[in-house]
Amino acid sequence: MANQPSSYPILCASFNQDASLFAIGTRDGFRIFDSNNGRLCYERALGAFNIVEMLFSSNLVAIVGAGEQPSLSPRRLCLFNTMSGNALRELNFLTSILAVRMNRKRLIVLLQDKTYIYDINSLTILDTIDTVPNLKGICAFSPSLDGCFLALPASITKGSLLLYNVMELQLHCEIDAHLAPLATMVLSSNGMYIATASEQGTMIRVHLVSEATKSYSFRRGSYPSTIFSLSFGQCSQVPEILVATSSSGSVHVFPLGFAINQSRRSGGFLGSIMLDSISDALDPAHHHIVHNAVPAGIKSYAVIRKVDRVADTSSSEIVACRATLAIITYNGYFQEYNLSLSNQNEFSRSLDCEFNLLTAIANNDVRL
């Protein structure tokens, strides 16, 4: 999640594909932390970085400079080995790199109006996608090899998106998600669902990728707000939970799995003939808020790291879930919340830990 030039001490923040590690880029270098205990695992003081992307828990890191030093051009992608401390390969482009995504087979590089798909092992270009101007580098990528999709904006005037199957190298579908242009989007880890928010920021919509038109809508609020991040919980089928962070400073929690199951059970005749996007949008109950989790206006990035499901012993139905929510704020803090949700719409949360990333860096002796 790259950041535009700003006064924030953190320029970019990202989690690896299973959320076991997270990285931040600052004007001094980049750092990698263990999500489970907050321990600083790696630190490299090379200069300012706008993009730091990890490949699971491997030694491979994709880094892009912020352009504040001549050697760290925003047009150069460096594949860096944290074990040896050396650059494995560098790729140069004509314009600034706005986003990078990876899995074990593919490397995705986003520019303002082009997206390149590489074989990550040979670094052969497999496909080049011409896109609408995408100045913010908005994209979504699912790391699963079975459902490996890339989502890109399809318009600068409305909230439509294109979904590409990057393993088969073909366009999968186009989805008209919002009337206003897109602000952010995320794919579930298995590539089955995509969640989107527009620049208006009042509605969060979830589409089933295979059907493209089937959606669930959740109202975040009545007043416009900038949605900074969206995150699904790890899942094998239906994600149990979706969270959003916004410029209001609140974290919005949507129990997606319970909402879908309840709409199916209670829809009756009317529900069977109404579009899911309409019927679900009429029910505002599937929404919980953690107020003032982040100072209002401060950019933040949240990820659901872990979801534990609780099943009824007699019916095997999921009756509750517990989730671990990690938040990185661009003013330099890490927070972790424990969330608890039930199929009776009960919700509780507790702040498990909070610490200053910049202080932790300064006081940590780990330097590789």
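Observations, loosely collected:
- Flag for L11 being under 28 Å from S144 (Cα atoms), of a type in the set (A, V, I, L, M, F, W, C) and either surrounded by 15 or more Cβ atoms within 10 Å (Cβ to Cβ) or within 22 Å of the chain's Cα centre (by Cα) (or both): yes
- Counting the residues of the stretch 186-206 that are touching a Lys or Arg at 6+ places or on another chain (Cβ under 8 Å) and closer than 14 Å to I241 by Cα gives 2.
- Where L135 falls short, out of the listed (1) within 16 Å of H207 (Cβ to Cβ); (2) under 18 Å from the mean Cα position of the chain (by Cα); (3) open to solvent by 30 Å² or more (accessible area, probe 1.4 Å): (1)
- Filtered by the rule that a residue be charged (D, E, K, R) and closer than 21 Å to F80 by Cα, the stretch 97-140 gives R101, R104, K105, R106, D119.
- Candidate set: the stretch 92-106, residues that are open to solvent by 20 Å² or more (accessible area, probe 1.4 Å) and among the hydrophobic types (A, V, I, L, M, F, W, C); chosen: the one nearest to the chain's Cα centre (by Cα): L98
- Test for L40: is it open to solvent by less than 50 Å² (accessible area, probe 1.4 Å) and over 22 Å from L88 (Cα atoms): yes
- Any hit, the stretch 305-324, residues being open to solvent by 30 Å² or more (accessible area, probe 1.4 Å), of a type in the set (K, R) and at pLDDT 90 or above: yes
- Flag for E240 being touching a helix residue (DSSP H, G or I) at 6+ places or on another chain (Cβ under 6 Å), within 25 Å of D18 (Cα to Cα), in a loop (DSSP other than H, G, I, E, B) and not small (G, A, S): yes
- Within the stretch 312-346, if we keep just the residues that are of a type in the set (D, E) and part of a loop (DSSP other than H, G, I, E, B), the residue that is nearest to H287 (Cα to Cα) turns out to be E346.
- Residue selected from the stretch 138-179 under the condition open to solvent by 10 Å² or more (accessible area, probe 1.4 Å) and among the β-branched types (V, I, T), by the criterion nearest to the chain's Cα centre (by Cα): I138
- Taken over the stretch 56-77, residues that are farther than 15 Å from S14 by Cβ, touching a Lys or Arg at 6+ places or on another chain (Cβ under 9 Å) and crowded, with 20+ Cβ neighbours inside 10 Å amount to 1.
- Residues satisfying the stated conditions in the stretch 32-48, i.e. touching a helix residue (DSSP H, G or I) at 6+ places or on another chain (Cβ under 8 Å) and not aromatic (F, W, Y): G38, L40, E43
- Condition met for L46 (open to solvent by less than 10 Å² (accessible area, probe 1.4 Å) and of a type in the set (A, V, I, L, M)): no
- Strands (runs of 3 or more DSSP E) contained entirely in the stretch 180-225, each with at least 3 residues that are at pLDDT below 90: 215-219
- Counted residues, the stretch 153-175 - those being charged (D, E, K, R) and touching a Leu at 6+ places or on another chain (Cβ under 9 Å): 2
- Test result for S279, surrounded by fewer than 22 Cβ atoms within 10 Å (Cβ to Cβ), hydroxyl-bearing (S, T, Y) and either in a helix (DSSP H, G or I) or modelled with pLDDT of 60 or more (or both): yes
- Within the stretch 107-125, the set of residues being surrounded by fewer than 22 Cβ atoms within 10 Å (Cβ to Cβ), in contact (Cβ under 8 Å) with a residue 24 or more places away in the chain and out of contact with any Leu (no Cβ under 6 Å at 6 or more places or on another chain) comprises just one member, L123.
The values are calculated or read from the model by the stated rules, or taken from the named source; none is laboratory data. Just so we're clear, the structure is a prediction, and the values are computed from it rather than from any experiment. Backbone-built Cβ (ideal geometry, glycine too); neighbour counts: all protein chains shown. SASA here: full protein model, heavy atoms, side chains in, ligands and nucleic acids out. Shrake-Rupley method; radii C 1.70, N 1.55, O 1.52, S 1.80 Å.
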